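Every number here is computed from the coordinates shown, using simple stated rules; none is lab data. All figures in this text were calculated on a predicted structure; none of them were measured in a lab. Counting neighbours? That spans all protein chains shown, and the Cβs are built from the backbone with ideal geometry, glycine included.
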């Protein structure tokens with residue numbers, strides 16, 4: 001059965017974990033989920049598991065985000081696969097992945113590159129300038145960034161990427177600019193014992209990047225709100241959220 005969103009239970013549970021991290025007021029921060037749509041992740045999208053995972057993250061967006069929603073991006077390999085799917089909210093969360101993503105987004109069932117969707121997300125929230133486009137290039141216009149909005153990005157992937165150097169470059173430049181962004185990478189597996197050495201390394205190497213392993217995502221989404229929040233909002237992320245109140 002699909003998981004049902006219950007904000008009457010989920011929001012107090014989220015507040016409880018935030019208070020454990022010393023945060024007494026809800027943070028004010030843009031919230032997005034970035035979802036891998038490569039071929040190896042197809043089963044979890046088709047059977048609703050990733051919709052359930054987004055449902056468990058929805059209270060974060062509905063509580064943190066000024067627009068009370070969770071922006072969703074999808075990606076596979078190459079720049080053309082980086083796609084802003086739209087916003088998940090209390091009215092449309094049921095069947096979101098099956099309805100909005102499966103066989104509809106660019107790059108569906110492709111490979112895995114992280115860097116291009118990271119750039120697209122950073123452009124969306126104003127931390128990187130958007131490309132000027134063909135007309136802008138013809139008229140010599142310089143790319144311009146939009147208003148900068150503090151952002152928490154939960155990056156959901158089940159596999160290794162082919163653009164490690166480029167991903168490191170994107171993260172290095174973001175950190176050097178001082179972007180008010182926190183990247184929480186979830187390495188998701190359904191067989192247990194999944195290994196994500198690259199995600200572990202960037203989680204260690206960048207101050208605004210965290211990594212969490214989810215060995216059995218179907219079991220993970222069945223946990224209580226308190227268990228999920230306590231696992232994902234560790235002291236490092238809690239410290240970052242505390243600065244965005």
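Residues within the reach of a label modelled at residue 164 (point 7 angstrom out along Cα to beta-carbon, backbone nitrogen below 11 Å), restricted to region 188-217, are 197-202. When Cα extents along the principal axes in Å is calculated for this entry, the matching label among (i) 54, 38, 36; (ii) 63, 33, 33; (iii) 73, 51, 31 is (i). Between the alpha-carbon centres of region 165-209 and region 30-95 there is a gap of 18 Å. Spacing of the modelled spin labels on residue 230 and residue 130, each 7 Å from Cα toward Cβ, amounts to 4.3 nm. Distance between the 7 Å Cα→Cβ label points at residue 219 and residue 40: 2.0 nm.
Work out how much length residue 177 to residue 94 would gain on full extension: take 0.36 nm times their residue separation and subtract the Cα-Cα distance, in nm to one decimal. Don't jump to the answer; show the numbers that get you there.
On the way: separation 83, 0.36 × 83 = 29.88 nm, distance 3.74 nm.
Between residue 177 and residue 94, full extension yields 26.1 nm more.
Between 153, 120, 176, the residue with the greatest mean-square fluctuation in the GNM of the chain (Cα pairs under 10 Å linked by springs) is 176. Of all DSSP-defined beta bridges confined to the chain, some 15% are antiparallel rather than parallel.
Adding -39500 (n - 2.57) for every DSSP H run of four residues or longer, then dividing by how many residues the chain holds, sets the calculated 222 nm ellipticity at -11500 deg cm²/dmol.
Starting with the highest mean, order 14-20, 183-189 by the number of other Cβ atoms within 10 Å, averaged over the residues of each peptide.
Values: 14-20: 16.9, 183-189: 22.9.
Taking the mean over residues of other Cβ atoms within 10 Å, the ranking is 183-189, 14-20.
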